[in-house]
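Encoded as structure tokens, the structure appears first; notes follow it.
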Ligand code: ADP
Ligand code: MG
């Protein structure tokens, strides 16, 4: 196969591992900086140019699109889909996963466990919004944050009110969420390929912190997940329409709850901790599924 990896940086661990895994299996790989792909949007022969050259002959695309380039990156992926090239994760599914509100609404429609979550727009409604999610302490989240930035724990009702008011005052939308205290600052990252969880790690926040993100100083260890957690992760991936993703779960008193689904999950932490060849599994998934014109819009919304 001829595989394109959409990535801004060849030297990133995940990109390097995907190149290595593809080449080991005898495939040809090219890393394309998504911001240097430009598009010819015609109905007869949609195309993509790259640094002056017409891109063609690719059998599959692996989009590794950073949160800061979601808009342009998904447009380029969509263009590959228009050209009949198979994309590992479809552009619509990536867009869905980048919006926390949209993702939660889709997951709730399928009855997947979620923390009680509220969303409002007007300062007048803040008081009832806080009641709705069960009062303080509660978690306030920006719709498009990553790496734990934009996630605030408001310990008291007063703090919650003033933080939400400040965001509204700046015209910034936030989600307000039940705080899952019993998770103890830990979450479970389930790495899904196709319809299987192929690796799972537990990330534990550092002392005095509730966010388990590695970027916020969290540490990871391998973990055995329950059958319920496994099926929650697989159903969440299916609902989002993602073939490869990281499903983050909190262990709550009322069972596993999904916090978010990441469409470009990093390989570094989870491969090191579990000693699994996840890059190899991703390439094998492409070998089994990448067929021209096979990409179709799945899921809804
Ligand atoms: P990001 O996209 O920035 O990673 P998340 O929604 O994943 O944002 O939240 C970051 C971290 O904060 C999570 O990994 C988890 O440890 C903690 N967290 C988020 N929401 C809750 C919650 N409702 N209850 C308890 N902890 C939470
Ligand atoms: Mg997260």
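Where a number appears in this text, it was derived from the coordinates with a stated rule and is not lab data. In this text the structure is predicted, and so the values were computed from the model without any measurement. Please note: Cβ atoms are built from the backbone with ideal geometry, for glycine as well, and neighbour counts cover all protein chains shown.
Applying 1/(1 + (r/R0)^6) with R0 = 30 Å to the Cβ-Cβ distance of residue 68 and residue 253 gives a FRET efficiency near 0.25.
Using 0.36 nm per residue and subtracting the Cα-Cα separation, the extra length available between residue 181 and residue 121 on full extension is 19.0 nm.
Arranged by the count of other C-beta atoms within 10 angstrom, fewest first, what order do 283, 164 take?
164, 283
Helical runs assigned H by DSSP (4 residues or longer) give the chain a calculated mean residue ellipticity at 222 nm of -9500 deg cm²/dmol, each run adding -39500 (n - 2.57) before division by the residue total.
At a Förster radius of 35 Å, what calculated FRET efficiency corresponds to the Cβ-Cβ distance of residue 51 and residue 165, to the nearest 0.05? Write down the numbers at each step before the final one.
Details: r = 48 Å, r/R0 = 1.38.
Given R0 = 35 Å and the Cβ-Cβ separation, E is 0.15.
Per-residue Cβ neighbour counts within 10 Å put 124, 248 in the sequence 124, 248, beginning with the fewest. Ranked for footprinting exposure by Cβ neighbours inside 10 Å, fewest first, 224, 251, 36 give 224, 36, 251.
Of the peptides 85-96, 264-275, the ranking by mean beta-carbon count within 10 Å, highest at the top, reads 85-96, 264-275.
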